[in-house]
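A quick write-up on the structure given underneath.
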Amino acid sequence: MNKIGLIIWREYLTRVRKKSFIIMTFLGPVLFAALIVLPGWLTQVEDREVQEIAVVEYDANNQPVPDSLQFFRDVVPDRENMKFIYLHNAVLPEILKTYEAANYDGVLFLPQSLISAGGRASVEFYYRKTPSMGMEEHISSSIEKFLFSNKLITKNISSEMIEALETNINLNRINWKNWPDKQADATDVKRGLGYVGGFLIYIFIFMYGAQVMRGVMEEKTSRIVEVIISSVTPFQLMMGKIIGIALIGLTQFVAWLILTVGISAAAQQIFLPATIAQVTQQPAPSDIMNSAADFEPTAPAATTGKAQAAEMFSDIRQQLGQVNIALVIGAFLFYFLGGYILYGALFAAIGAAVDNETDTQQFMLPITIPLILGLFVMINSFVNPMGKLAIWFSIIPLTSPIVMMARIPFEVPAIQILASAVLLILTFLATTWLAAKIYRTGILMYGKKVSYRELWKWMKY
Amino acid sequence: MYLFTASKIVKQFSDHLALDHVTINVPEGSIYGLLGPNGAGKTTLLRIINQITAPDEGELFFSGRTLNPGDLASIGYLPEERGLYKKMKVGEQALYLAQLKGMSKADAMVKLKHWFTKFEIQAWWNKKVEELSKGMQQKVQFVTTILHEPKLLIFDEPFSGFDPINASLLKNEILEMKKAGATIIFSTHDMGSVEELCDYITLINKSRTILEGGVHDIKMNNKSNLFEIGFTGDPARVYEKLDGHCQVVDRHAERASQYVKIKADKNVSANDMLSLVLPVAEVTSFNEVIPTMNEIFIKVVEAQNQR
């Protein structure tokens with residue numbers, strides 16, 4: 001085995017046998033799923049707490065109204081987490097005075113002058129706890145809707161008529177290119193894939209980049225480095241480490257891929273009773289909605305949830321069929337390796353320049369900023385994958401690994417992919433070259449607090 | 001014949017000149033000492049020999065031809081800053097380092113078995129380095145340095161980090177390797193070990209060679225006609241006889257014997273002095289005082305620093 005191969009093998013072997021690697025490999029997909037599910041779940045938990053809101057109504061002369069004259073009664077319907085109590089003959093100042101004692105969480109004040117108000121009108125809402133956006137939306141839209149139909153009723157339009165006025169539009173995205181085949185659109189799955197891919201690259205660069213840095217520091221602080229570089233060149237040692245750790249990353253990625261496919265296959269087995277499985281086995285693209293609709297009336301009430309899940313699964317599977325999976329995986333591997341080597345070399349240079357972990361902070365910042373910027377732009381391109389911002393940041397090499405991943409499931413023009421790939425390769429060659437210079441000098445330098453000026457000098461040696 | 005030659009080596013770092021036209025010629029099968037105060041440039045020279053850093057000027061020859069990266073397999077280096085991977089197992093690590101020096105795994109395995117048995121450290125094979133004491137780690141480090149049986153061994157301050165037991169083990173091994181035909185270069189401030197081990201030395205101070213040659217020759221060149229005579233008898237008569245031929249530098253009495261240290265005048269030989277003293281006293285010992293390497297080191301370095 002040649003020397004760089006030996007170094008790669010050692011770096012790989014010592015890490016792949018670590019308990020932390022094995023645990024992370026199995027826990028990774030679970031943690032990742034948790035990262036996606038948890039925020040949604042947390043907001044739900046928060047919302048379960050029921051808020052009681054008192055509603056105070058005044059007549060047109062700004063006087064409290066008795067029960068019989070209440071106009072706004074039940075205007076805002078209750079929700080799972082909000083209860084509206086309609087008071088009669090209530091005097092607003094009297095109610096508000098009881099801030100300490102009252103057990104209302106808020107007071108909504110509705111004067112009858114609203115009925116004739118046009119354009120913009122305001123309603124007062126007194127709160128203890130800042131209302132959630134959902135609550136605000138619920139209250140104002142309920143009132144708006146009520147006033148709207150009320151106005152129509154005064155113009156002698158029947159309530160049936162009003163109901164008929166309402167139409168909800170679902171925009172049905174169809175890829176023009178595929179016409180006349182009106183394939184169900186795969187944008188949601190594409191977005192999901194892009195998001196997961198970009199996010200994984202972001203995490204991998206940080207995780208494995210930091211491992212490179214720590215590995216270099218370990219060799220420096222344990223003083224073995226001079227022994228090693230009397231057998232191999234510093235460049236071989238640095239590249240061996242970077243490549244060895246890249247292989248660890250790829251191993252982890254493949255393990256996660258297999259685990260995820262396995263887990264989702266198992267999940268399908270649980271959610272899909274035999275009958276549904278048959279339906280989804282021939283997913284006729286255009287009537288996927290129909291088949292689910294056909295199925296629902298005959299299904300027992302208890303399996304409706306399962307049926308929905310089944311529909312979701314077959315939907316995802318069918319959408320995945322429209323994505324160029326090979327391209328996505330290929331791009332992932334390329335951008336992971338390219339981005340990782342680019343940043344890994346810089347991490348190695350930092351590890352070589354410092355004596356201990358605390359000194360790394362000052363040099364980490366310039367590396368962290370473009371990575372985080374990439375993450376933000378990725379979230380933006382998730383909304384608009386063909387926007388100018390997304391295009392440019394997917395070509396600029398420092399951010400391209402993350403941003404291009406978010407775009408790649410959509411049809412990115414070949415010229416953009418090519419430009420981004422070539423630039424990435426050139427840049428990682430440049431950073432490894434620079435990093436090697438810093439590395440070479442840094443690993444033999446002890447007990448010296450290094451500044452940026454010093455690094456600049458090392459590059460010129 | 002020289003196994004290794006470094007000729008007119010210059011190395012400039014951004015803020016100082018580390019080596020200024022330094023030349024060393026290391027005869028095959030010898031032990032070569034590289035001496036000098038801290039910061040003189042010894043480590044830089046050793047790093048250049050190991051091709052860790054490149055010289056700005058000068059040439060390096062190994063076995064009569066220009067030194068090349070392939071020669072690293074024939075060199076064993078124990079740097080001053082040394083250590084091992086703490087989390088790695090001893091045996092695995094030794095195998096890894098041996099393979100980096102170009103040994104095959106099978107060959108390395110056989111030789112490691114031999115050395116581990118010789119040093120009675122077989123039981124550590126599967127232990128992590130961090131579980132070993134410092135002294136134990138030094139033994140492992142030493143084995144990994146010499147395992148590939150290099151023609152040229154380079155030790156940077158080998159005795160400074162080692163405990164006395166390992167240091168003497170190291171000394172014996174160095175002598176044995178010399179017997180087996182290896183050539184050894186080591187840097188040190190420990191003048192005792194220079195006297196014991198070295199055939200040749202180079203003394204570097206402030207980036208320049210200020211003294212070089214065979215240890216014996218250097219001592220002979222630096223002796224200053226000092227003699228010590230031991231005798232029994234009347235000291236006054238002895239001094240009377242010696243007066244006019246030499247100066248008495250020092251004298252003391254020990255039990256029945258008197259000792260006098262004298263610096264002979266230029267044209268007075270050892271025999272002349274003996275014949276002066278013999279009639280008046282019973283001579284019990286007579287020897288020429290040869291300066292120690294330590295004295296020479298201090299003398300030469302201080303002389304250069306004062307200039």
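Taken about its Cα centre, segment B:224-289 carries a charge dipole of about 60 debye when Lys and Arg each add +1 at the Cβ and Asp and Glu each add -1 at the Cβ. Residues within the reach of a label modelled at residue A:425 (point 7 angstrom out along Cα to beta-carbon, backbone nitrogen below 12 Å), restricted to segment A:387-419, are A:418-419. Carbon-plus-sulfur accessible fraction, segment A:59-210 (probe radius 1.4 Å, protein heavy atoms only): 53%.
Considering segment A:139-210 at the alpha-carbon level, its Rg and Dmax are found to be 23.7, 71 Å. Projecting the Cα positions of A:61, A:86, A:23 onto the charge dipole of segment A:1-136 (unit charges on Cβ atoms of Lys, Arg, Asp and Glu, taken about the Cα centre) puts A:23 furthest along the positive direction.
As a calculated quantity, the FRET efficiency between residue B:216 and residue A:460 at R0 = 51 Å, using C-beta atoms, amounts to about 0.65. Taking every C-alpha pair closer than 8 Å and separated by at least 6 residues, the mean separation divided by the residue count of segment B:2-220 gives a relative contact order of 31 percent. Seen against the Cα atoms of chain B and their longest principal axis, helix B:105-118 is set at about 40 degrees. Cross-link reach is defined here as a Cα-Cα straight distance under 20 Å, omitting same-chain residues fewer than 8 places apart; for residue A:97 the lysines meeting it are A:129.
Our estimate of slack between residue A:365 and residue A:49, defined as 0.36 nm per intervening residue step minus the Cα-Cα distance, is 109.6 nm. Counting only protein chain heavy atoms and rolling a 1.4 Å probe, the accessible areas of A:88, A:138 rank, largest first, as A:88, A:138. On segment B:224-289, 44 percent of the accessible area sits on carbon and sulfur atoms, based on a 1.4 Å probe. So what does the Cα-only Debye profile of segment A:358-461 read at q = 0.13 Å⁻¹, as log10 I(q)/I(0), no solvent term? The Cα Debye sum returns log10 ratios of -0.59.
Non-local lysine pairs in segment B:184-307, meaning eight or more places apart or on different chains, with alpha-carbon distances under 17 Å, amount to 9. Rounded to the nearest 20 debye, the dipole size of segment A:180-261 about its Cα centre is 120 debye, using +1 on the Cβ of Lys and Arg and -1 on the Cβ of Asp and Glu. With all protein chains in place and a 1.4 Å probe, the accessible surface of segment B:2-220 carries 51 percent carbon and sulfur.
What Kirkwood Rh does segment B:97-219 have if only Cα atoms enter the pairwise 1/r average? Answer in Å.
Working: mean 1/r = 0.0620 Å⁻¹.
Hydrodynamic radius (Kirkwood, Cα only) of segment B:97-219 equals 16.1 Å.
Of the residues A:444, A:76, A:211, the one whose Cα sits farthest toward the positive end of the charge dipole of chain A, with +1 on the Cβ of Lys and Arg and -1 on the Cβ of Asp and Glu, is A:444. Once both labels are positioned 7 Å from their Cα atoms along Cα-to-Cβ, the gap between residue B:167 and residue A:13 label points is 3.6 nm. Work out the charge dipole of segment B:2-220 with +1 on the Cβ of Lys and Arg and -1 on the Cβ of Asp and Glu about the Cα centre, then indicate which of B:17, B:73, B:37 is farthest towards its positive end. Checked the options; the winner is B:73. Partners of residue A:190 within straight-line reach, counting lysines whose Cα lies under 20 Å from its Cα and excluding those fewer than 8 residues away in the same chain: A:177, A:182, A:388. More than 39 Å apart: what percent of Cα pairs in chain A qualify? Cα-Cα pairs in chain A separated by more than 39 Å: 48 percent. In this calculation the C-beta distance from residue B:81 to residue B:259 is compared with R0 = 35 Å, giving a FRET efficiency of 0.15. For the chain pair A and B, the interface hides roughly 2300 square angstrom of accessible area in total, found with a 1.4 Å probe. Kirkwood radius and radius of gyration were both taken over the C-alpha atoms of segment B:95-162, and their ratio Rg/Rh is 0.95. Model label sites at residue A:78 and residue B:134, defined 7 Å from Cα along the beta-carbon direction, differ in position by 7.7 nm. Normalised by residue number, the volume inside the convex hull of the Cα atoms of segment A:21-169 is 179 Å³ per residue. For segment B:224-289, what D do you get in µm² per second when you plug the Kirkwood radius from alpha-carbon pairs into Stokes-Einstein at 10 °C and 1.306 mPa s? Once the numbers are plugged in, D ends up at 138 µm²/s. Given +1 at the Cβ of Lys and Arg, -1 at the Cβ of Asp and Glu and no other charges, the dipole of the protein assembly as shown around its Cα centre is 1960 debye to the nearest 20.
For segment B:94-133, a decrease in accessible area of 20 Å² or greater in the assembled protein chains relative to the isolated chain, with a 1.4 Å probe, applies to B:96, B:97, B:99, B:100, B:101. Each of residue A:115 and residue A:96 was given a label point 7 Å from its Cα along the Cα-to-Cβ line. The distance between the two points is 2.4 nm. The convex hull of the Cα atoms of chain B, projected and averaged over all directions, covers 20.8 nm². With 30 Å² as the minimum drop in accessible area between chain alone and full protein complex (1.4 Å probe), the qualifying residues in segment B:42-75 are B:47, B:52, B:72.
Run the numbers on chain A and let me know its relative contact order in percent, using alpha-carbon pairs under 8 Å that are six or more apart.
18
Exceeding 26 Å between C-alpha atoms, which entries from my cross-link table qualify? They are A:19/B:128; B:42/B:87; A:220/B:118; A:457/B:87.
B:42/B:87; A:220/B:118; A:457/B:87
3J(HN,Hα) along segment A:120-137: 8, 9, 10, 10, 8, 10, 8, 10, 8, 9, 3, x, 6, 4, x, 5, 4, 4 Hz, from the Karplus curve 6.51 cos²θ - 1.76 cosθ + 1.60 with θ = phi - 60°, whole Hz, x for Gly and Pro. Per residue, segment A:50-164 exposes an accessible area of 65 Å² to a 1.4 Å probe, with every protein chain left in place.
Starting from the eigenvalues of the Cα gyration tensor, five times each then square-rooted, give me the equivalent ellipsoid semi-axes of segment B:170-307, largest first, whole Å.
37, 19, 13
Where does the protein assembly as shown land at 222 nm, in deg cm²/dmol rounded to the nearest 500, when only DSSP H runs of n ≥ 4 count, each adding -39500 (n - 2.57), divided by all residues?
Helices in the protein assembly as shown give a 222 nm mean residue ellipticity of -17000 deg cm²/dmol.
The values are calculated or read from the model by the stated rules, or taken from the named source; none is laboratory data. Keep in mind that this is a model prediction, so the values were computed, not measured. Cβ atoms come from the backbone with ideal geometry, glycine included; neighbour counts cover every protein chain shown. To get the accessible areas, we keep the full protein, side chains included, count just its heavy atoms, and leave off ligands, DNA and RNA. Shrake-Rupley method; radii C 1.70, N 1.55, O 1.52, S 1.80 Å.
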